[in-house]
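Data block below; observations after.
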Amino acid sequence: MALPFFEEITYARSWGRKFEKPHECSFIKIVVALQTDFDKCLFIGDNPKTDFKVPIEKGAQTVRLMQGPNRFNSSPEGLNFEISQLSELKYIL
């Protein structure tokens, strides 16, 4: 799927079950692939239990997509933005 906003997209499961989120592996690999730092990245997710712990701890910007089965769960402390659809990213970027 081509998404015009993103330079890199990663799937935590591609490194095996042991490294699934919230393990920091996929987050670090994406920062390394972009040759940048966490504070220059924007991480987008929908699951408050797995998608935001590491990016928030490392100082990245975070966006929660309020869709799917986790949409009614509370957002984590330190989250920067909440959106209801990806098209709203243009107002953040």
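The order of 26, 84 by accessible area, most exposed first and with a 1.4 Å probe, is 84, 26. Applying both filters, DSSP loop and at most 16 other Cβ atoms within 10 Å, to the trypsin sites (Lys or Arg not before Pro) of segment 1-69 gives 49. Once a ≥ b ≥ c are taken as the square roots of the eigenvalues of the Cα gyration tensor of the chain, is the result rounded (a/c under 1.5), prolate (a/b larger than b/c) or oblate (a/b not larger than b/c)? Rounded is the answer for the chain, as its axis ratio a/c remains below 1.5.
To the nearest 20 debye, what charge dipole does segment 1-64 have about its Cα centre, counting +1 at the Cβ of each Lys and Arg and -1 at the Cβ of each Asp and Glu?
300 debye
With a simple spin-label model that places each label point 7 Å from the Cα along the Cα-to-Cβ direction, the separation between residue 88 and residue 66 comes to 0.5 nm. Taking amide H atoms as placed 1.01 Å from N in the peptide plane, the amide H of residue 43 lies under 5 Å from those of 61, 62, 63, each 5 or more residues away in sequence or on another chain.
Over all other residues within a Cβ to Cβ distance under 14 Å of residue 85, the charged ones net out to 0, with Lys and Arg as +1 and Asp and Glu as -1. With a 1.4 Å probe rolled over the protein heavy atoms of all chains, the accessible area of 51, 39 falls in the order 39, 51, largest first. Carbon-plus-sulfur accessible fraction, the chain (probe radius 1.4 Å, protein heavy atoms only): 50%.
Annotation: per residue accessible area for the chain equals 69 Å², rounded to a whole number [probe 1.4 Å, protein chains only].
The values are calculated or read from the model by the stated rules, or taken from the named source; none is laboratory data. Keep in mind it's a predicted model, so treat the numbers as computed, not measured. With ideal geometry, Cβ positions are generated from the backbone for all residues, glycine too; neighbour counts draw on all protein chains shown. SASA here: full protein model, heavy atoms, side chains in, ligands and nucleic acids out. Shrake-Rupley method; radii C 1.70, N 1.55, O 1.52, S 1.80 Å.
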